[in-house]
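This report refers to the structure that appears directly beneath it.
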Amino acid sequence: MNISLIANVVLVLVAAVCAGLLIRKTPAIAKEYQSSWLNVSFGMLCANAGLALNLSRDFPALSSFYLLGPTEANLLAKTLFYLLAMILVFNGVRQWYPLILSVQRDSQRTARLYRKLVDEANSIFLRWDENGKVLSINRFGEELLGYTKNELAGRPVLGTIVEEKDSRGADLAQLISDIRSDPDAFKHVENENITKDGSRVWIAWRNAYISAGHDGKPEVLSIGVDMTERKRVEDALYALASSLSYAKGKQDMLRDTMRHLAQAYACKYAFYAVYADTDKASMRILALWDGETLVSDGVYRLENTPCKDILAGRVDVIAQGLQERYPQDGVLREWGVESYFGRALKDSGNNTIGIVSIMDTRPLRLPEWSRTIMHVFADRISGELERRNAEENIYQLAHYDVLTRLPNRLLFHDRLEQALAHAARNDQYVALLFLDLDRFKHVNDSIGHAGGDVLLNEVAARLQSCVRESDTVARTGGDEFIVLLSDFSSEKQLLHATSDLSEKLVRIIAEPFYIDSMEFYVSVSIGITVYPQDGTNIDFLVRNADIAMYHAKEKGRNRFEYYHERMNEIAEKRSRMESELRTAVYRHQLELYFQPVVDVHGGEVVWFEALLRWRHPKHGLTMPDEFMSLAEETGLIVPIGEWVIQQACMQLRQWRRKGVPIHSVAVNLSMRQLERTGLIAALDKAVTEYGIDPSRIILEITESMLMQDPDTTAPLLKVLAGRGYKLAMDDFGTGYSSFGQLSHMDVDSLKIDRTFVAKLGKEDNVACIVPAIIGMARELGIRVIAEGVETSAQAEFLLQQGCNLMQGYYFGFPMSARECEQYMQANKHTWQNSGSGL
């Protein structure tokens with residue numbers, strides 16, 4: 001078998017297979033193409049028949065068969081089959097030609113349509129290669145980004161339309177690198193892009209990897225949608241939501257909101273501010289975003305600024321030309337501000353309290369939603385500010401004194417607790433100074449509580465001026481203050497500092513106070529306690545300082561005292577005595593003793609002075625020196641004084657009924673009783689109940705009481721005298737009063753203080769003072785009583801000077817009511833037996 005034969009056999013087989021395949025696919029061909037398809041199929045069959053006849057020519061033995069073998073008929077048949085195949089194939093192909101042209105035209109039309117869609121689409125179509133360089137961009141991309149396609153072609157994406165980091169800090173360089181490495185993993189991304197003029201736009205990208213692009217090389221097709229407005233709305237809503245959020249530790253929420261607000265409006269500046277003064281002439285910036293950082297606490301004047309016009313309601317947005325409109329506003333020039341949009345902040349009462357604004361260095365392009373968002377945001381931030389102000393007010397009320405704005409007891413205890421903890425950790429010392437004003441009540445009584453409040457404020461200011469910034473001055477109530485000193489490394493250092501400060505405080509408080517054109521003087525008593533020597537417990541330290549302060553008062557006031565343990569024993573004793581004294585009245589432990597006041601010249605008793613005694617269940621008969629100061633300080637002197645008045649009047653009635661010739665009783669009054677409005681009522685009730693003539697009641701007040709507050713005391717004495725009560729000035733000569741003052745008061749008698757009487761015959765100057773007092777009183781028509789007379793020599797001297805009324809142990813000791821009756825019934829007493837010559 002030769003090669004020609006083999007080739008013919010292969011051709012026959014191939015042609016037969018091709019024809020068979022074409023005929024088999026015929027049912028799947030559309031009807032309009034089946035005719036041409038059959039022509040080609042039958043043409044292939046005819047070609048196959050021609051090849052088969054041509055193959056038989058290589059086998060002479062087949063010549064006996066019709067048309068087979070190397071015969072003329074075979075040649076003719078072969079030629080006819082080849083010719084028929086060519087005709088059928090040509091006819092089939094001729095029918096395909098219009099179809100090919102139609103497909104070509106449709107393909108071209110579709111390509112033009114797609115190009116039109118890409119150019120006219122409201123999306124960006126960006127092609128870029130594996131090296132990150134731009135291949136092409138559509139018309140919308142040109143308009144949005146500001147570049148022409150020729151300007152972008154060949155330029156890198158990073159650095160041209162994408163920065164390495166966006167305005168929020170996102171790493172866009174890494175994002176571009178990741179997209180280039182694996183586009184399928186970043187099919188959808190959103191990032192900030194930068195335009196040719198530097199503006200920032202947000203674009204949502206859909207990325208697709210194309211393995212073979214126009215030039216057959218791989219590329220990335222990125223289809224982007226402008227989402228800048230949506231992003232700004234999101235930022236505005238986020239800013240709005242953050243202005244509503246509040247929790248502990250988020251006090252700077254509104255400050256952070258300014259950054260989001262600037263981003264929402266795509267501007268450089270955003271701020272909010274409140275009025276800085278009551279005149280509303282300036283604003284205090286609480287938070288300002290300047291494009292890079294947050295700043296606060298700036299104050300600026302409102303005059304000739306856009307803020308003033310916005311607050312006045314004249315305008316709310318100035319889209320451009322801001323500097324030309326407000327040439328006097330230097331801040332606008334300095335910052336290059338060209339546009340402004342703001343809204344006034346109003347409280348629940350519709351009162352303007354501040355402003356929230358945005359500013360930019362370019363003309364503003366405000367979307368439709370901008371005014372609504374700004375309006376809602378202004379309302380929300382106003383509400384937040386008002387709420388925070390209310391919380392601040394509540395905190396101030398809870399932790400600070402309303403009058404002086406000093407820390408109150410609660411805040412002081414908190415600071416003291418922290419100071420003690422710090423001192424314990426660092427082996428340091430802490431001191432407390434407890435201050436109480438002396439004679440503060442005199443100010444209140446003189447010019448009212450409003451004047452007293454003015455003085456307390458001035459005292460607070462003086463105290464604060466004397467201490468360090470790290471020290472605490474607190475008002476704990478009334479006229480009491482307390483000072484906390486800390487951070488002392490040694491006891492010596494502490495003692496030096498506290499003594500210097502205390503001396504300074506005593507001195508500065510003693511300076512005059514000027515209130516309503518009047519001059520007032522007060523002093524201060526200070527008690528000092530030290531941690532840890534005097535205690536480690538807060539309550540103990542405060543109590544110890546209080547105890548030391550009371551000791552300072554007892555030692556004459558206007559001074560300071562350090563606490564020591566002995567004071568605690570005294571305080572505990574004092575506390576027990578106060579408790580027992582409170583129950584002494586209704587337990588009938590109080591008694592009245594009486595001491596006679598005699599007329600030596602006439603030899604008779606003119607009245608008895610009622611003297612208080614306490615029959616203590618444990619200590620027996622207790623003298624008033626031991627408990628009267630406590631009664632005065634605690635206010636117990638008022639009910640005790642009323643009891644004394646009642647008992648004195650009752651005793652006078654009993655003596656009258658018994659026929660005892662005691663017609664008058666002297667009763668001592670305290671300053672507390674004079675200060676209370678119920679004194680006159682108590683006196684009138686007692687004399688009415690027991691049928692006593694008011695002239696039989698002699699009311700004794702000390703000279704120091706009269707001089708302590710003459711403006712209040714003198715009118716009260718005039719009222720008492722007008723109601724018939726007799727008035728006597730006790731302890732005369734110790735209170736620095738003058739006879740000129742006495743001439744204006746309804747005083748019936750004065751009692752020369754016992755200290756002068758005791759010095760008679762011992763000091764020459766006293767022998768001159770006493771006659772002078774007696775002589776001046778006689779000129780004024782005032783009776784003089786010498787008290788504390790204990791010897792006949794004293795009595796004789798006084799009598800020689802014209803003082804015939806005397807009182808003292810020489811004439812009789814204080815005695816009970818029954819002993820008084822016996823005293824009056826006795827025949828003659830020593831002083832009576834001596835007669836006028838004693």
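The values are calculated or read from the model by the stated rules, or taken from the named source; none is laboratory data. Note that the coordinates shown come from a computational prediction; the quantities given were computed from them, not determined experimentally. Note: ideal-geometry Cβ built from the backbone for every residue, glycine included; neighbour counts use all protein chains shown. SASA here: full protein model, heavy atoms, side chains in, ligands and nucleic acids out. Shrake-Rupley method; radii C 1.70, N 1.55, O 1.52, S 1.80 Å.
Observations, loosely collected:
- Meets criteria (at pLDDT 75 or above and either out of contact with any His (no Cβ under 7 Å at 6 or more places or on another chain) or not in a loop (DSSP other than H, G, I, E, B) (or both)) for residue 94: no
- Here 54, 8 are screened, and the one residue that is over 60 Å from the mean Cα position of the chain (by Cα) and at pLDDT 70 or above is 54.
- Selection of segment 438-471 for residues being at pLDDT 90 or above and open to solvent by less than 10 Å² (accessible area, probe 1.4 Å) yields 455, 456, 459, 460, 463.
- Residue within segment 254-268 that is modelled with pLDDT of 85 or more, open to solvent by 50 Å² or more (accessible area, probe 1.4 Å), not in a helix (DSSP H, G or I) and not polar (S, T, N, Q) present: yes
- Meets criteria (among the small types (Gly, Ala, Ser), open to solvent by 20 Å² or more (accessible area, probe 1.4 Å), at pLDDT 75 or above and within 60 Å of the chain's Cα centre (by Cα)) for residue 728: no
- Residue 613 open to solvent by 40 Å² or more (accessible area, probe 1.4 Å) and either on the phi < 0 side of the Ramachandran plot or not β-branched (Val, Ile, Thr) (or both): no
- Residues in segment 616-651 that are part of a loop (DSSP other than H, G, I, E, B) and crowded, with 19+ Cβ neighbours inside 10 Å: 627, 636.
- Neighbours by Cβ (under 6 Å, 6+ apart or cross-chain): first from segment 463-479, closer than 12 Å to residue 433 by Cβ; second open to solvent by 30 Å² or more (accessible area, probe 1.4 Å) and polar (S, T, N, Q): 473/464
- Restricting 136, 102 to residues that are at pLDDT 75 or above and of a type in the set (Gly, Ala, Ser) narrows the list to 136.
- Conditions (1) more than 19 Å from residue 229 (Cβ to Cβ); (2) open to solvent by less than 50 Å² (accessible area, probe 1.4 Å); (3) outside any loop (DSSP other than H, G, I, E, B); (4) in contact with a helix residue (DSSP H, G or I) (Cβ under 8 Å, 6 or more places away or on another chain): number failed by residue 185: (2)
- Of the residues making up segment 328-377, those that are closer than 17 Å to residue 301 by Cα, of a type outside the set (S, T, N, Q) and open to solvent by 80 Å² or more (accessible area, probe 1.4 Å) number 3.
- Of all residues in segment 152-169, those satisfying the criterion of being under 26 Å from residue 263 (Cα atoms), surrounded by 15 or more Cβ atoms within 10 Å (Cβ to Cβ) and modelled with pLDDT of 80 or more are 157, 158, 160, 161, 162, 163.
- Close Cβ contacts (under 6 Å, 6 or more residues apart or on different chains) running from residues in segment 129-148 that are at negative phi and open to solvent by 30 Å² or more (accessible area, probe 1.4 Å) to residues that are outside any helix (DSSP H, G or I) and among the aromatic types (Phe, Trp, Tyr) comprise 135/128.
- Here residue 604 passes the criteria (1) open to solvent by 60 Å² or more (accessible area, probe 1.4 Å); (2) over 23 Å from residue 826 (Cα atoms) except the one numbered (2).
- When residue 661 is tested against (1) modelled with pLDDT under 85; (2) open to solvent by 10 Å² or more (accessible area, probe 1.4 Å), exactly one condition is not met: (1).
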